[in-house]
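Below is one structure, written out as structure tokens; the observations come after it.
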Amino acid sequence: MKLKTTAVCLLTLLLSACGGGSSSEEQQKAPNNKATIAGEFSFELAAGSSLEHALTVSDKDNDTVTVSIINKPDWLSYELSENTLTLSASPTLFDIAEHQVDLSISDGKESNQFNLSIDVHYDAVNFPGEAITLADEELIGTWTTADSSSLFHFSADQTGFAKIDSDNFLFNWNNPDDVELHTQEFECIENCMRSKFIPLEILAKKANSILAKKYTSETEFTWLTLIKGEKKALSFDTYSDQRQEQTLRLSQLGNEEGVKYTFFANVAIKAEGYTQLAGFHENAILTDGVYQFIEPEEKGNSIFRKDYTKTFQNTDGSYQQISFSVQLKQAELIASLDDFAVFEVTYHFIPQTSQDTANWPELEKELVDRKTYKVFRGVAEASVPEFSVGDVLFGLSPLYSSLQLADGSSFSIINAPITVDSETSGHYSVKNALTGEQFTYEVTLNNLGGTLEFTIGTETRNVRYVKLYDNRIATIDDFYSSKKQSSYSYANLAQADTTYNATQEDYMKTFYVNDLNLLNNNKHAVIEPHDNGTAIVYSGGIFGPNGRWQFEEDNSMSFVTPCSQDETISSCIDNSEEVDVINYKLFKKEKAGYWFLRSHSNQDKYSDGKIAQSVTQSIQFLKLCDSVCIYRSN
């Protein structure tokens with residue numbers, strides 16, 4: 001018996017050694033069941049309140065289970081007791097949002113993940129929060145949202161500027177209770193868009209952050225969580241003016257100390273009773289964070305023959321009128337956000353003739369340093385687009401100013417449309433509105449990869465493509481500049497959807513030409529068709545209709561000037577010694593104004609009987625008058 005038992009034991013050991021297994025070993029090889037969580041995986045609560053939310057944890061294998069929250073916010077805690085996971089939420093007003101939280105549960109062998117959604121909302125009745133008032137000193141500086149969609153800059157002189165998504169504006173601010181912003185357009189000279197009032201109600205503050213309501217009406221608002229801190233680094237190498245024009249000036253700027261940069265832009269210049277945009281092209285060296293202009297004109301910049309002029313009294317009682325030019329001194333980057341950059345530009349007026357300030361006591365007050373804001377927008381490189389037959393191209397203009405047409409008239413090209421005929425060719429289509437004759441002018445195209453080469457007549461040019469701040473595609477002519485070494489550099493609008501079918505009603509508005517030369521020569525750069533068929537066209541000093549209009553079959557509108565309401569359009573064209581026919585074809589509407597294809601036919605009759613005609617084609621942005629417009633300029 002004893003021997004038999006021993007034999008059985010030996011047999012058992014042998015079987016085990018040959019691969020046989022015990023029941024405990026079989027249990028170890030059984031598949032593992034992951035731990036799991038059951039319950040509602042979404043809940044909501046008001047900011048400022050507290051809530052506990054329970055979930056059930058289980059494991060079929062009765063393994064020891066642990067729980068963790070991968071992206072746990074500070075206001076959320078949790079506790080696992082037996083098979084109950086209790087989540088405790090106490091969000092603040094800063095936490096208003098829909099939060100996605102990942103729960104990870106482990107049985108020591110494998111992990112399982114579950115997504116939890118927590119909606120923290122605002123309850124104005126039960127948990128409104130008390131508004132707080134920041135001291136002016138706390139408010140002054142730059143504030144941005146965490147997602148970099150918005151920026152506010154408050155200056156000590158109670159001016160400032162903001163960028164909110166795609167919109168940006170200047171403002172004056174005061175801080176009696178809520179922060180009150182009274183907005184205005186950047187660099188606006190005449191007939192600016194209507195000012196807005198924007199209140200910011202600050203409800204919470206922690207460290208360098210504030211939570212505010214930005215009201216869009218008396219009852220509607222959006223939440224802004226703003227973080228204070230400098231934003232003074234440029235993200236692009238090339239910047240443009242922020243203007244709606246077919247041609248923009250380009251500046252080469254950067255963050256490297258001691259490097260020479262190019263500042264090529266229009267700057268708003270102001271004095272008592274005087275406001276103008278002046279074009280400047282300066283070289284600057286970045287020194288201690290400030291762009292110092294190193295080669296300013298000795299006597300400053302004359303602003304399109306419309307300088308600032310003022311009469312002064314001499315100590316001997318006599319009077320003298322003194323004209324001033326403008327000189328830029330320096331530009332300092334105040335704040336930037338992605339492609340948006342604002343500079344504080346310092347300038348001063350310089351008498352155009354030498355003057356002794358001792359003899360003219362009031363003169364010295366005009367020579368002080370003045371400051372203005374300048375907005376730049378980043379310009380990104382873009383590839384040469386692929387063209388198809390029938391496409392319309394812009395941004396290709398010859399160097400010479402005009403071409404001769406078969407009827408003896410001249411054709412001036414200022415970013416005129418080119419129709420693509422093949423991969424390597426296209427043409428201008430030119431109509432002389434005075435004679436009705438139409439011509440084509442051939443263009444050769446060659447896509448070189450990085451640049452587009454085009455030939456007009458005997459001239460060959462190259463352009464590079466870029467993307468502007470509002471996603472417009474533009475060309476840069478390599479004839480004028482190479483990167484970082486430009487004397488002058490321009491971006492010309494290169495793409496436009498010309499398929500918009502305008503109606504006559506689209507044109508029956510008051511438009512202002514966004515043109516510096518007109519603004520600075522006392523011209524009322526205005527186009528305004530009237531219901532009776534008359535129109536104001538580039539009216540200058542004329543305070544009444546000086547032209548007529550007609551709506552064309554191609555959904556464009558033509559203006560003829562001079563032409564009184566007693567004449568027909570055809571008689572005005574035939575009998576006037578000098579006549580202009582300006583055709584506008586609307587292709588895009590924007591909030592501030594409309595984009596047009598513009599064709600200008602001009603005729604001059606000389607005393608010797610000779611007649612000179614010319615046609616100019618271009619793109620033009622006309623500013624839309626949205627309120628009461630002023631028919632004047634400085």
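The values are calculated or read from the model by the stated rules, or taken from the named source; none is laboratory data. From a predicted model like this one, the values you see are computed outputs, not experimental measurements. A quick note on method: Cβ atoms are made from the backbone with ideal geometry, for glycine too, and the neighbour counts reach across all protein chains shown.
Residue by residue, here is whether (1) touching a His at 6+ places or on another chain (Cβ under 8 Å); (2) over 20 Å from GLU505 (Cβ atoms); (3) outside the structural domain of PRO529 (by TED's automatic domain parsing) holds:
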residue: VAL581; (1), (2), (3): yes, yes, no
residue: PHE587; (1), (2), (3): no, no, no
residue: LEU597; (1), (2), (3): no, no, no
residue: GLN603; (1), (2), (3): no, yes, no
residue: TYR606; (1), (2), (3): no, yes, no
residue: ALA612; (1), (2), (3): no, yes, no
residue: ILE619; (1), (2), (3): no, yes, no
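Tell me, which strands (runs of 3 or more DSSP E) lie completely within region 545-630 with 1 or more residues that are among the small types (Gly, Ala, Ser)?
It comes to 547-551, 557-561, 593-605, 611-624.
When you scan region 72-103, how many residues do you find that are within 28 Å of ASN126 (Cβ to Cβ) and in a loop (DSSP other than H, G, I, E, B)?
8
This table checks each residue for (1) touching a residue at least 40 places away in the same chain (Cβ under 8 Å); (2) outside the structural domain of ASP369 (by TED's automatic domain parsing); (3) assigned to a strand (DSSP E or B).
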position	(1), (2), (3)
ILE198	no, yes, yes
ILE202	yes, yes, yes
ILE210	yes, yes, yes
LYS213	no, yes, yes
GLN276	yes, no, yes
GLY279	yes, no, yes
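Within the bounds of region 356-364, is there any residue that is touching a helix residue (DSSP H, G or I) at 6+ places or on another chain (Cβ under 6 Å) and either of a type in the set (D, E, K, R) or over 21 Å from ARG464 (Cα atoms) (or both)?
Yes.
Under 7 Å by Cβ, and 6 or more places apart or on different chains, what pairs join a residue from region 93-122 that is closer than 30 Å to ASN62 by Cα with one that is among the basic types (Lys, Arg)?
VAL101/LYS72; ASP107/LYS34; GLU110/LYS34; ASN112/LYS34
Output yes when any residue across region 420-434 is over 28 Å from TYR584 (Cβ atoms), surrounded by fewer than 17 Cβ atoms within 10 Å (Cβ to Cβ), of a type in the set (Val, Ile, Thr) and not assigned by TED's automatic domain parsing to the domain that holds ALA612, and no when none is.
So far as region 420-434 goes, yes, one or more of its residues are over 28 Å from TYR584 (Cβ atoms), surrounded by fewer than 17 Cβ atoms within 10 Å (Cβ to Cβ), of a type in the set (Val, Ile, Thr) and not assigned by TED's automatic domain parsing to the domain that holds ALA612.
Take region 156-166 and flag every residue that is in contact (Cβ under 8 Å) with a residue 24 or more places away in the chain and either assigned to a loop (DSSP other than H, G, I, E, B) or in the same structural domain as LEU337 (by TED's automatic domain parsing) (or both).
The one that is in contact (Cβ under 8 Å) with a residue 24 or more places away in the chain and either assigned to a loop (DSSP other than H, G, I, E, B) or in the same structural domain as LEU337 (by TED's automatic domain parsing) (or both): SER166.
Residue by residue through region 52-79, note down the ones that are without any contact (Cβ under 8 Å) to a residue 40 or more places away in the chain, exposed (fewer than 15 other Cβ atoms within 10 Å of the Cβ) and over 39 Å from the mean Cα position of the chain (by Cα).
GLU52, ALA54, THR56, SER58, LYS60, ASN62, SER68, SER77, GLU79
In region 50-71, what residues are assigned to a loop (DSSP other than H, G, I, E, B) and either in the same structural domain as LYS206 (by TED's automatic domain parsing) or within 29 Å of ALA124 (Cα to Cα) (or both)?
SER50, ASN71
Taking region 518-555 as the search range and keeping residues that are aliphatic (A, V, I, L, M) and at pLDDT 65 or above, which one is farthest from VAL581 (Cα to Cα)?
Across region 518-555, the extreme among qualifying residues is VAL526.
Can you name every residue in region 233-247 that is within 17 Å of the chain's Cα centre (by Cα) and modelled with pLDDT of 90 or more?
Listed by number, the residues that qualify are LEU234, SER235, PHE236, ASP237, THR238, TYR239, SER240, ASP241, GLN242.
Pairs only if they're at least six apart or on different chains, beta carbon under 6 angstrom, first in region 563-583 and surrounded by 15 or more Cβ atoms within 10 Å (Cβ to Cβ), second in a helix (DSSP H, G or I); list them, first residue then second.
Once the first residue is surrounded by 15 or more Cβ atoms within 10 Å (Cβ to Cβ) and sits in region 563-583, its partners that are in a helix (DSSP H, G or I) give CYS563/CYS572; VAL579/ILE573.
Which ones in region 129-149 are surrounded by 13 or more Cβ atoms within 10 Å (Cβ to Cβ) and free of Cβ contacts under 8 Å to residues at least 24 places away in the same chain?
Passing the criteria: GLU138, ILE140, SER149.
Hey, could you check region 102-115 for residues that are within 14 Å of TYR78 (Cβ to Cβ) and buried (at least 19 other Cβ atoms within 10 Å of the Cβ) and say which is farthest from the chain's Cα centre (by Cα)?
So the residue we want is ILE105.
Test of understanding: among PHE169, PHE152, PHE186, which residue is in contact with a strand residue (DSSP E or B) (Cβ under 8 Å, 6 or more places away or on another chain), under 30 Å from THR510 (Cβ atoms) and either in the same structural domain as ILE269 (by TED's automatic domain parsing) or touching a residue at least 40 places away in the same chain (Cβ under 8 Å) (or both)?
After ruling out the rest, the residue left standing is PHE186.
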